Amino acid sequence: MGTGGGEMGLVISGLTHDEQLDLLEKVWEQLSATGDALPLTAAQRAELDRRLDDLERDGPVGIPWDEVARRMWTMRMLGTSDKAAVLAKSRVDG
């Protein structure tokens, strides 16, 4: 299928940005409706297995989204010159 949609009679370039995103969402939902619709390569499967093993061994790592959002909001309110202080304080508090 070409960039314009060709065989299906779709003219994607004639859609608005929002209509294109809506179409993309519908296509993604259709593709993901079955587990076999998006097959993984052996390398992708191995990487997912490795990550699951890490998660089981180490538990969740990283920063929860609410903490990331709080830090970003704080940095925005303080301005760019105080970002290091916000990050340093969060390391001590966290």
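From the list ARG50, ARG91, exactly one residue is out of contact with any Leu (no Cβ under 6 Å at 6 or more places or on another chain) and at pLDDT below 75. Which is it? Don't jump to the end; show me each part of the working.
Values: ARG50 fails: at pLDDT below 75.
It is ARG91.
Out of region 33-45, which residues are modelled with pLDDT under 80 and in contact with a Leu (Cβ under 9 Å, 6 or more places away or on another chain)?
Scanning region 33-45 gives ALA37, LEU38.
The values are calculated or read from the model by the stated rules, or taken from the named source; none is laboratory data. Quick caveat: nothing in here was measured; it's all calculated off a predicted structure. Reconstructed Cβ throughout: ideal geometry from the backbone, glycine too, with neighbour counts over all protein chains shown.
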